Amino acid sequence: MSDQLIIFDTTLRDGEQSPGASMTRDEKLRIARQLERMKVNVIEAGFAAASNGDFEAVRAVAEAIKDSTICSLARANENDIRRAGEAIRPAASGRIHTFIATSPIHMEKKLRMSPDQVVEQAVRAIGWAREYTGDIEFSAEDAGRSEIDFLCRIFEAVIKAGATTINVPDTVGYNVPEQFAATIRTLIERVPNSDKVVWSVHCHNDLGLAVANSLAAVRAGARQVECTVNGLGERAGNASLEEIVMAVRTRKDIFLCDTRIDTTQIVPASKLVSSITGFPVQPNKAIVGANAFAHESGIHQDGVLKHRETYEIMRAEDVGWTTNKLVMGKHSGRNAFRSRLVELGVEIKSEEQLNHAFARFKELADKKHEIFDEDLQALMSDDSSEPQEHFRLVASSFHSETGETPCARLTLSVGGKEAKVESGGSGPVDAAFKAIEAVADSGAELLLYSVNAITTGTDAQGEVTVRLSKEDRVVNGQGADTDIIVASAKAYLNALNKLHSKLERVNPQV
Ligand code: KIV
Ligand code: ZN
C-alpha cells in the first residue's frame, strides 16, 4: 500500500454548493492558484455541465494550473461527461469525476432506476469519459447507505471499464468511524483488481464525523481523501482539508502515510476562502481558528514558556500563522503592488483594472499604515466601487449621537444613475441598509450580518458579510473598509449585485 495520501480538494465544487458560496471565475482562479501553491494533488474546479459560467471557470482553472490535476464533476450521462471532458481539455493533467447514486432509497426514489440499469449507466459513463482522459474517478453517491454487495458489483464493473479512482462518499454524513472503516476494508478485500485503483473517500459532516470517518478510512487503506478548505460544503460541510492534513502529518505513527501538502500555505488558504466566500472561520476551529494556538490559562502559558511541547502538538508557524507578511505601505509603488498581486495569484486583466485597484490601495494606505497580504486580498475581493457594478456606493455620511436617531446619507449609483438617499435606523448600519433598500427595493430577506477584523489593531479593516435570500436564492456579499459602517454598506450592495446578476447554479446532487 502506498505511503502517499492524495489530497483531492473540492472547495471549488462541493464547497461552492454551500448556500451563498457561489464564486465567480476569477475568484475560483485565485483559490485554485493558492491550492496549487499548497501542493494539493487534485483540484475539483466545478461541475462543468451546470452552467456556461461553471464550464468557463473549470476551463480557466485547467488553463492556469500546472502542478495539480484539474477535475470536473459530471453526472453519469453523456452530456455532462462531454462538457466535463471539454472543460478539462487544456489541463496539463485532467480528470473526469463521474457519479451515480447506489443506495436503495436514491435508486428507487430519486433516479427511478433498477440496480441493473444503474450499473449499466455507470459503465457507459466510464466509456464516454475514456474518450477524453485516462484519469477517471467514479463515485457511488450515498455509498454510506448502500448495500455492500451492490457496491462490490458496481465497483468491479467500473474498474473493468477503466475507472482509476474509486470514491466512496458518505453523502449524507450518516456513517460512524468503525463502520465506515469496515466498509472500506471490505471493499478493498472483495472487489477484484482493487489493487489497480486508488480508493478514495468523501465524507460529509452532518454528525460532525467527516474528518473522523475519513481518517478511519485512511487507516483501512483509502489513499485519497476528498476535503475542502475550512470544511466548507453542502449542509454541515465536508471533511476539512487542514484537519486531515495535520492529523496525518502529526500522527504519521498511526496513519503510516503522508501528503505532499506545503502546510505553511494552510492559513493563507483558509483566509482567502473565508474572504472570498464570506464564510467566517469560528475562533476555536482546529488549525485555522484565531484561537487554535492561543493559550489562555496561566498554567498552560507557563508550561509553553518553559517547554513548548508541554501543551503544543503542532507549531503555529508550520501551518502558516506567521506567513502574513507586512507587504506594503503608503510609499509602495505601482510595480511593487502589481508584483505582490501576481504572487498572491490575482489575475490582472488590464492596465485599467490595475490602475483602479492601485488607486484603492493608495486610499487604504492613507488610512492604514501597514498593509498585509490579507488587506490586499480583501481589496481585490471588494468590487463595490467597480464602474460595471449595478449598485455602487459613491459617497456616504453617517451620524450617530447619544439621544439622537442614527442616520445614514448615501449617494448610490444604480445602473449608472446617481441617487441620493437618507434614512434613520436603530443604529448606523441599520440606517445604511434601510437607505439602500429605499432605492433598491429588492424584497430580499437579510439572513446574516457579521463583522470580522481582517488583521489586528484598531486601524484594521473590518470585513463584513451580508447574506441575503430572495425567492430560492441565497447570496453572500462582502465588503471591507477601515470604517465598518462603510464596509457594511459595501457588503450589502455586493450581495444585491449578486442577486441582480442572476448567476444560476445547479446542484449536481439534485
Ligand atoms: O457528497 C457526494 O456524494 C458528492 C459526490 C458527487 C461525490 O459530492
Ligand atoms: Zn459531497
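The values are calculated or read from the model by the stated rules, or taken from the named source; none is laboratory data. None of these values were measured; they are calculated from a predicted model. Don't worry about glycine lacking a Cβ; one is built from the backbone with ideal geometry, like all the others, and counts go over all protein chains shown. Protein only, heavy atoms only, side chains kept; ligands, DNA and RNA dropped before computing areas. Shrake-Rupley method; radii C 1.70, N 1.55, O 1.52, S 1.80 Å.
Descriptive notes on the structure:
- Charge-dipole axis of the chain as Lys and Arg at +1 and Asp and Glu at -1 on Cβ define it, positive-most pick from Y174, H97, M328: H97
- Look at the alpha carbon pairs under 8 Å that are at least 6 residues apart: their mean separation over the length of the chain gives a relative contact order of 12 percent.
- For the chain, the longest principal axis of the alpha carbon atoms and the long axis of helix 351-367 meet at an angle near 60°.
- Size of charge dipole - the stretch 246-403 - debye, nearest 20, with Cβ of Lys, Arg +1 and Asp, Glu -1, no other charges: 280
- Per-residue ³J(HN,Hα) for the stretch 437-442, Karplus 6.51 cos²θ - 1.76 cosθ + 1.60, θ = phi - 60°, Hz, x for Gly and Pro: 5, 4, 9, 7, 6, 6
- Shape category assigned to the stretch 198-242 from the gyration tensor of Cα positions, a/c cut at 1.5: prolate
- Close amide H partners of G46, meaning residues 5 or more places away or on another chain with modelled amide H under 5 Å apart, are L73.
- Coarse-grained scattering of the chain at q = 0.11, 0.12, 0.13 Å⁻¹, given as base-10 log I(q)/I(0) from a Debye sum over alpha-carbon atoms: -0.96, -1.11, -1.25
- Folded to 0 to 90 degrees: helix 484-501 orientation relative to the chain principal axis, Cα: 50
- The stretch 164-253 gives an Rg/Rh value of 0.96, both radii derived from C-alpha positions and Rh following Kirkwood.
- Charge dipole of the chain about the Cα centre (unit charges at C-beta), most positive-ward option of I266, F433, A408: I266
- Environment charge at K367 (Cβ cut-off 13 Å; Lys +1, Arg +1, Asp -1, Glu -1): -3
- Candidate cross-link partners of K66 among the aspartates and glutamates, defined by an alpha-carbon separation under 12 Å and a same-chain spacing of 8 or more, comprise E36.
- Principal-axis tilt of helix 115-130 within the chain, Cα atoms, nearest 10 degrees: 70
- Peptides 117-128, 461-472 ordered by average Cβ neighbours within 10 Å, highest first: 461-472, 117-128
- Of K434/K490; K330/K367; K28/K252, those spanning more than 21 Å from alpha-carbon to alpha-carbon: K28/K252
- Cα centroid separation - the stretch 484-501 against the stretch 62-130, whole Å: 36
- Most simply put, the chain has about 50% antiparallel DSSP beta bridges, counting only bridges with both residues inside it.
- Helical contribution to [θ] at 222 nm, DSSP H n ≥ 4, -39,500 (n - 2.57), averaged over the chain, rounded to 500: -12000 deg cm²/dmol
- D by Stokes-Einstein for the stretch 324-419, Kirkwood Rh over Cα pairs, 37 °C, 0.692 mPa s: 215 µm²/s.
- Across the options S194, I254, S139, the greatest Cα extent toward the positive end of the charge dipole of the chain (unit charges at beta carbon of Lys, Arg, Asp, Glu) belongs to S194.
- Rounded to the nearest 20, the size of the Cβ-charge dipole of the stretch 82-157 about its Cα centre is 340 debye, with Lys and Arg at +1 and Asp and Glu at -1.
- Cα gyration tensor category, rounded, prolate or oblate, for the stretch 1-154 with a/c compared to 1.5: prolate
- Spacing of the two label points (7 Å from each Cα toward its C-beta) at A182 and M113, in nm: 2.9
- In this Cβ point-charge picture (+1 for Lys and Arg, -1 for Asp and Glu), the stretch 177-227 has a dipole of about 180 debye about its Cα centre.
- Accessible-area composition of the stretch 207-331, carbon plus sulfur, in percent [1.4 Å probe]: 55
- Alpha-carbon centroid distance for the pair the stretch 280-351 / the stretch 259-277, whole angstrom: 10
- 1.4 Å probe accessible area per residue over the chain, in Å²: 42
- Separation of the stretch 1-54 and the stretch 205-235, taken as the distance between their Cα centroids, equals 16 angstrom.
- Whether the stretch 415-475 is rounded, prolate or oblate, judged on the alpha carbon gyration tensor where a/c under 1.5 counts as rounded: oblate
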